[in-house]
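**Q** Got a structure here, written out as structure tokens. Questions coming.
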């Protein structure tokens, strides 16, 4: 496996999403063992469930998403007896941290008006209704006679990130940070980090030390120049808006001397805070 | 007419676009009697099937200047040098694609490829009749068949279409620390277009007086705090992504209330450069 991978996701082709019929996707990462993915999904306009509502929960997988565009009505349920649920409209800037055992689903109406697009990642497979492992991981919850579940149902955290304040970055003066979710099991912590325009490192070299766990970032807006180092090898990478970069040991992320961002960058950081 | 107007476009519902079959839109402004307008257009996935019956189509506009800035998705479009060019050049509009289309440029759609996931495009023009279903199209827009077309005694023109991230940022001409990217010059009644990048924690004492002509902006990313001073007093706004602001004389855009932006902003500016 390569120690790092850079994708310009805007120019990647769309493909049918194999685990959720009707959606399209760009797969950024897939772990063949666990089935975990990092994926950009496109929900088509009018996407829905036909005439009957649908809901389910996942027994072990953590799901996280950051919405990039469009609209996607989604419902959250307190438990099997909650038959109306809370309608949440997923829009650009919305972040979702869904632990296992949260009941969520769709009603026939309203449907997405213009479709939606999100970057989503999880800790395992079986969450998409067309995934071969769906029946292992996910449990449908009927609306009529739901039965008894010996489950401590939980609630996700779903919010527009602009409802949270920016804070000073803990390690880099001038940068800002907004923690979105803590580590939960094998799901690493998530943060938005803002690198200021024309920021220059005090010294060139690593800013994110290597680990065996995959770390990644996705540029929500702006652009950022980084250097990936593996021993003597150095790769300069110009990350553009919606650029994706993942790495693990022995690769380390750093910056070359000089300004690393013309106009600043807001970066979704998973497993690190960039600085 | 009020001297200024703010539209939080994310809160505005989509409607069927009356002038372009299959599109949806959010209208930001329409001028009377010129018919000049600015709209957010949503192009559905597979656009073209229901509209063109899988046949290619192309046309040019006699007098209107069209400009657009793509905000997301993918929209394959073709440019033709003249009627004899029946193949055309495929250009896929993606987030960050800017188009400056003068009159007499021949453009259209081929049956394949079609939009994969749809697209959202901010579009503005100097007059009506550019949409094929607009009643004014019979005077403004000329459909050019792919064979058996007549000879046009017309100097066909070419648009400028490019991804803005292919152009470098330059120092803003008047505000230290800000950056700007000129996208298009004035063309008749079509005002000049620029992207302006404000850094995090930007401050400015600049004011942008309104003129008899509309000045407007659209927040591409980030957020900014502005004030509009007009005959009714001072109005403060927190503009966020996809917000629109227009102002005319005697209104004046001001920034003199401290920090303009927590994490910076990239702003599409029409008729000004935020200074």
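The values are calculated or read from the model by the stated rules, or taken from the named source; none is laboratory data. Small disclaimer: the values here were computed from a predicted structure and weren't measured. Positions of Cβ are backbone-derived with ideal geometry, glycine not excepted, and every protein chain shown enters the neighbour counts.
**Q** Counting only residues that are in a helix (DSSP H, G or I) and buried (at least 16 other Cβ atoms within 10 Å of the Cβ), which one in the stretch B:38-53 is modelled with the lowest pLDDT?
**A** Within the stretch B:38-53, the match that is modelled with the lowest pLDDT is B:51.
**Q** Sticking with this structure for a sec: Just one of B:131, B:35, B:127 is surrounded by fewer than 20 Cβ atoms within 10 Å (Cβ to Cβ), more than 14 Å from every other protein chain (Cβ to nearest Cβ) and in a loop (DSSP other than H, G, I, E, B); which is it? Don't jump to the end; show me each part of the working.
**A** Working: B:131 fails: surrounded by fewer than 20 Cβ atoms within 10 Å (Cβ to Cβ); B:127 fails: surrounded by fewer than 20 Cβ atoms within 10 Å (Cβ to Cβ).
It is B:35.
**Q** Please work out if residue A:107 is within 26 Å of residue A:155 (Cα to Cα), buried (at least 21 other Cβ atoms within 10 Å of the Cβ) and over 19 Å from the mean Cα position of the chain (by Cα). Quick ask: steps written out before the conclusion?
**A** On the way: within 26 Å of residue A:155 (Cα to Cα): yes; buried (at least 21 other Cβ atoms within 10 Å of the Cβ): no; over 19 Å from the mean Cα position of the chain (by Cα): yes.
No: the conditions fail for residue A:107.
**Q** If you go through the stretch B:101-118 one residue at a time, do you hit one that is within 20 Å of residue B:166 (Cα to Cα), away from every other protein chain (no Cβ under 14 Å) and either assigned to a strand (DSSP E or B) or in contact with a helix residue (DSSP H, G or I) (Cβ under 6 Å, 6 or more places away or on another chain) (or both)?
**A** Checking the stretch B:101-118: at least one residue is within 20 Å of residue B:166 (Cα to Cα), away from every other protein chain (no Cβ under 14 Å) and either assigned to a strand (DSSP E or B) or in contact with a helix residue (DSSP H, G or I) (Cβ under 6 Å, 6 or more places away or on another chain) (or both).
Residue by residue, here is whether (1) within 13 Å of residue B:159 (Cα to Cα); (2) in contact with a helix residue (DSSP H, G or I) (Cβ under 7 Å, 6 or more places away or on another chain); (3) surrounded by fewer than 19 Cβ atoms within 10 Å (Cβ to Cβ) holds:
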residue	(1), (2), (3)
B:55	no, no, yes
B:63	no, yes, yes
B:73	no, no, no
B:77	yes, no, no
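**Q** Counting residues that are closer than 26 Å to residue B:167 by Cα and over 17 Å from the mean Cα position of the chain (by Cα), which strands (runs of 3 or more DSSP E) fully inside the stretch A:165-275 reach at least 1?
**A** Filter on the stretch A:165-275 gives A:190-195, A:215-222, A:224-230, A:233-239, A:252-255, A:265-270.
**Q** I would also like to ask the following. Does residue B:84 satisfy being outside any strand (DSSP E or B) and within 25 Å of residue B:189 (Cβ to Cβ)?
**A** no
**Q** With respect to residue A:202, is the statement that it is more than 10 Å from chain B (Cβ to nearest Cβ), surrounded by fewer than 22 Cβ atoms within 10 Å (Cβ to Cβ), out of contact with any strand residue (DSSP E or B) (no Cβ under 6 Å at 6 or more places or on another chain) and without any contact (Cβ under 8 Å) to a residue 24 or more places away in the chain true?
**A** yes
**Q** Looking at residue A:93 and the list (1) farther than 27 Å from residue B:113 by Cα; (2) surrounded by fewer than 17 Cβ atoms within 10 Å (Cβ to Cβ), which single condition is not satisfied?
**A** (2)
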